[in-house]
Amino acid sequence: MAIEFLATMRSSIFEGKIFAHFFIGGDQHRGFDFSSATAQEINEYLTIGPTADWVELIDRPTQDFVLGNGRDINYLLVDKQLKYSDTDAERYARYVEQLLSPNAVERSSTISVDFDPAYQTVAFHRLLRIRDGEETDILDPSRFGLFRIETDREKLIYNGTLQLSYLIPDVRVGDVLDYSLQSAVETLRSDHIT
């Protein structure tokens, strides 16, 4: 039962992310507390470093392809890997996206990850921009923002969920973004349930 719970919880984290990072304005920000976080606070929740040893790295596709007419984003690679142990579960995700329209640039210029610091950690491994064949590392820890998400504040329900957001600088139509991140979740044990 714990693994079933983890799969659901982890799925909501990353599946939500893949869509949540597309929206910069509108309803996505309803319920957020936009008070600014210091770099020290962000560093308490975010790690930037190499990919874990257990992850099987896949080469970035070199040939462009279009999945359908009228798309704003070409997903050249979506790589998700899971690792479960007796004490935790880890999820690695890597996305390589080609931005085909101004709408895609607007939607993909922010990467956001929701997590609960009580039992989850977040690590970013890479953020590359490929423009005209030139690869640029644009992962800058100072560009992260930390926000508290309380969607049920009006009901006095506080769940502790936080959101790390990264505003990607200088994104243009035709750019390819290649980014990867990892989340670790402490598994539920019988002594955690009261």
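Tell me whether segment 158-174 contains one or more residues that are in contact with a strand residue (DSSP E or B) (Cβ under 9 Å, 6 or more places away or on another chain), closer than 30 Å to ASN74 by Cβ, acidic (Asp, Glu) and at pLDDT 95 or above. No, segment 158-174 contains no residue that is in contact with a strand residue (DSSP E or B) (Cβ under 9 Å, 6 or more places away or on another chain), closer than 30 Å to ASN74 by Cβ, acidic (Asp, Glu) and at pLDDT 95 or above. Each residue in segment 101-125 was checked for being over 18 Å from THR161 (Cα atoms), surrounded by fewer than 17 Cβ atoms within 10 Å (Cβ to Cβ) and touching a residue at least 60 places away in the same chain (Cβ under 8 Å), and 3 of them qualify.
Can SER101 be described as touching a helix residue (DSSP H, G or I) at 6+ places or on another chain (Cβ under 8 Å) and at pLDDT 90 or above? So SER101 fails the test.
One residue alone among ARG30, ARG10, ARG71 is modelled with pLDDT under 50 and loosely packed, with under 14 Cβ neighbours inside 10 Å, and that residue is ARG30. Going residue by residue through segment 47-59, is there one that turns out to be surrounded by 14 or more Cβ atoms within 10 Å (Cβ to Cβ), at pLDDT 80 or above and touching a Pro at 6+ places or on another chain (Cβ under 9 Å)? Within segment 47-59, one or more residues are surrounded by 14 or more Cβ atoms within 10 Å (Cβ to Cβ), at pLDDT 80 or above and touching a Pro at 6+ places or on another chain (Cβ under 9 Å).
The values are calculated or read from the model by the stated rules, or taken from the named source; none is laboratory data. Please read all numbers here as calculations on a predicted model, not as lab measurements. Here Cβ is always computed from backbone atoms with ideal geometry, including for glycine, and neighbour counts include all displayed protein chains.
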